[in-house]
Each structure stands twice: as C-alpha cells, then as structure tokens.
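Notes follow the structure.
The values are calculated or read from the model by the stated rules, or taken from the named source; none is laboratory data. Computed from a predicted structure; not experimentally measured. With ideal geometry, Cβ positions are generated from the backbone for all residues, glycine too; neighbour counts draw on all protein chains shown. Just so you know, the surface numbers come from the protein's heavy atoms only, side chains and all, with ligands and any DNA or RNA stripped out. Shrake-Rupley method; radii C 1.70, N 1.55, O 1.52, S 1.80 Å.
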Amino acid sequence: MASGSVEGEQSSLADDYDALISTTDVELLKRAWRNEKAAPEILRFESDLITRVREQIELMEETVEEKLTVGTDPLSVSLYQMDLDRTLFLLRSYLRIRILKIEKYMFHIRKTEELWNRLSKDEKFFTERCTDDLKKHLEESVLSKLPENYQSYERQSVISEEDDMVPEPRLDTFVLCRSKEYLTGIQLEDGPVDDRSKLFEMEPDVLYFICYKSIKPLVESGKIDLL
C-alpha cells in the first residue's frame with residue numbers, strides 16, 4: 001500500500017515537472033518559433049516573452065563567464081554554454097523569420113492594420129524604412145519612365161481594381177498542426193457557419209494537415225500549435 005502511494009506521488013511529481021518544463025520561457029520561445037516558421041503570414045510579436053528571454057540570455061552569459069573565472073569543471077561550463085547557444089539560436093532564428101516575412105510582404109503589411117499592429121516597434125521602423133526606400137527606388141529608376149497610367153507600384157495600371165502588384169501571404173496554404181485540447185466546430189471552407197457538412201473536429205495531441213485559413217483564429221488564440 002505504501003509502495004503504491006510512493007509510486008503515485010512520484011508519478012504526480014513527474015507530471016508536474018513535465019508541465020513546468022513545457023511552460024518555461026525557452027519552450028515558449030520554441031513554440032513561438034515553430035508557429036512563426038510554419039505560418040504563411042506574420043504573427044503577433046511575442047514582446048513580453050522576448051524581453052524575458054533576452055534578460056535570461058544576459059544572466060546565462062554572466063553565469064558562464066563567472067564559472068570560467070573561478071575555474072569550474074569544463075564539462076559543467078560546456079553544459080551551460082550549450083543551453084545559452086540553443087536559446088540564442090532560437091531567438092535569432094525567430095527574429096530572422098519575421099524579418100524575411102516583412103521583406104517579402106512589406107507593402108501589404110504596412111497597409112493592413114491587423115498585420116501592422118502585430119509588429120514590434122523596431123519592426124515597424126524597419127518596415128517604414130524599407131517601403132519608403134523601395135518605393136523611391138522604383139519611382140526613380142522604373143516607374144517615372146513608364147506611361148502615366150502605369151506608374152503605380154501597387155497596381156498594374158489605373159484600371160486595376162485591386163493592388164495586384166503587392167504580394168500577399170497565401171492563407172490557403174496547408175500546414176501541419178496539433179491541438180492542445182478537443183476542438184469542434186472548425187469550418188474548413190468558406191460558407192454558411194451553420195453548414196454542418198463543412199465543420200471539423202480536432203482531438204488533442206493528434207497531428208492534422210489542414211488549411212491555415214481554417215484554423216487561423218485558433219492559432220492566434222494559442223489553442224493550436226503549428227509544426
């Protein structure tokens with residue numbers, strides 16, 4: 001009886017430890033990195049998380065430096081350095097992926113309030129500089145030499161009804177994802193919300209290959225992770 005009690009307590013502690021590990025800032029950064037990497041559009045900048053991670057990186061760098069100074073066992077120092085390198089890689093890769101998306105869709109992001117509000121202060125400054133510089137370059141080197149009806153950097157001609165020269169992310173891209181909980185009522189296609197034939201259910205921790213547009217709100221709310 002006592003043995004069963006001890007085993008149950010150990011199992012509970014293991015579950016608590018796993019839950020703690022899954023919610024550490026490094027794991028949250030890894031999750032944000034995976035989502036950003038897989039999503040066709042730019043997602044909300046994880047401002048609070050990035051601030052905490054940067055503070056942790058500074059602390060880890062100080063710890064490694066201190067251990068080197070006092071002559072700590074090289075193996076111990078190398079383990080700390082590995083954690084530091086891993087965190088730095090995730091942070092740099094996360095920021096780099098976002099910059100690449102901004103460079104690709106800069107005009108679309110700047111004119112779309114929803115996407116614009118997802119950027120950090122530095123990303124907004126970068127986007128403004130990029131769009132202004134590129135617009136100026138196009139106007140001076142190409143557009144000014146074209147007939148007046150074709151001098152827009154956004155539209156092929158004045159008769160175009162949409163900004164058909166501005167690249168936009170393909171929200172109909174299919175992505176690999178996993179739900180954290182049981183979800184129902186997911187609409188796979190555009191159409192009446194009450195059309196039950198187009199509704200889809202997702203089981204927790206099961207992999208699905210699905211159109212990003214169908215799960216976009218659930219990704220934004222954190223109920224679904226992209227892989």
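Could you please put 48, 132 in sequence from largest to smallest accessible area, using a 1.4 Å probe?
Numbers: 48 115, 132 80 Å².
These residues rank, largest area first, as 48, 132.
Using the Cβ atoms and a cut-off under 10 Å, what net charge is assigned to the surroundings of residue 179, where Lys and Arg are +1 and Asp and Glu are -1? Can you show the working numbers first?
Working: positive: 178, 180, 223; negative: 181, 201, 203, 205, 225.
Here the charged neighbours net out to -2.
Run the numbers on segment 24-91 and let me know its relative contact order in percent, using alpha-carbon pairs under 8 Å that are six or more apart. It would help to have the intermediate numbers written out before the result.
Working: 28 pairs, mean separation 27.9, N = 68.
RCO, segment 24-91: 41 percent.
Suppose the chain between residue 140 and residue 183 were pulled fully straight at 0.36 nm per residue; how much longer would it get relative to their current alpha carbon spacing? Write down the numbers at each step before the final one.
Numbers: separation 43, 0.36 × 43 = 15.48 nm, distance 5.24 nm.
Length difference between fully extended and current span is 10.2 nm.
Given just the C-alpha atoms of segment 56-148, how large is their convex hull per residue in cubic angstrom?
Working: hull volume 11.9 nm³, N = 93.
In segment 56-148, the Cα hull volume divided by residue count equals 128 Å³.
Run the accessible area of segment 38-192 with a 1.4 Å probe and give the carbon-and-sulfur part as a rounded percent. Walk me through the numbers on the way to the answer.
Values: 5290 of 10230 Å².
C and S fraction of accessible area: 52 percent.
Students sometimes get this wrong: rank 51, 69 by accessible area, probe 1.4 Å, all chains present, largest first. Can you show the working numbers first?
On the way: 51 70, 69 110 Å².
From most exposed to least exposed: 69, 51.
Find the accessible area per residue for segment 37-194; the probe is 1.4 Å, ligands and nucleic acids are left out, and the unit is Å².
67
Using a 1.4 Å probe, how large is the accessible area of residue 184, given in Å² and rounded to the nearest 10?
Ignoring ligands and nucleic acids, residue 184 comes out at about 90 Å².
Between residue 61 and residue 28, how high is the FRET efficiency from 1/(1 + (r/R0)^6) when r is the Cβ-Cβ distance and R₀ = 25 Å? Nearest 0.05. Let's see the in-between values first.
On the way: r = 20 Å, r/R0 = 0.81.
The value I calculate is 0.80.
Using amide H atoms built 1.01 Å from N in the peptide plane, name the residues 5+ places from residue 186, or on other chains, whose amide H lies under 5 Å from its own.
200
Using a 1.4 Å probe on the protein heavy atoms only, what accessible surface does residue 174 show? Give it in Å² to the nearest 10.
120
How much accessible surface area, in Å² rounded to 10, belongs to the heavy atoms of residue 183 with a 1.4 Å probe?
10
Going down the table (121/145; 180/216; 135/216; 37/223; 180/213; 37/111), which pairs top 26 Å between alpha carbons?
Values: 121/145 36 Å; 180/216 15 Å; 135/216 31 Å; 37/223 17 Å; 180/213 18 Å; 37/111 23 Å.
Distance filter (> 26 Å) returns 121/145; 135/216.
Give, as a single signed number, the net charge of other residues whose beta carbon lies under 12 Å from the beta carbon of residue 166, with Lys and Arg counted +1 and Asp and Glu -1. Let's see the in-between values first.
Details: positive: 104, 110, 111, 135, 155; negative: 154, 162, 163, 164, 168.
Combined, the nearby Lys, Arg, Asp and Glu give 0.
Where Lys and Arg each count +1 and Asp and Glu each count -1, what net charge lies around residue 25 among other residues with Cβ under 14 Å from its Cβ?
Numbers: positive: 30, 31, 52, 54, 86; negative: 27, 46, 48, 55, 58, 83.
Result for the neighbourhood of residue 25: -1.
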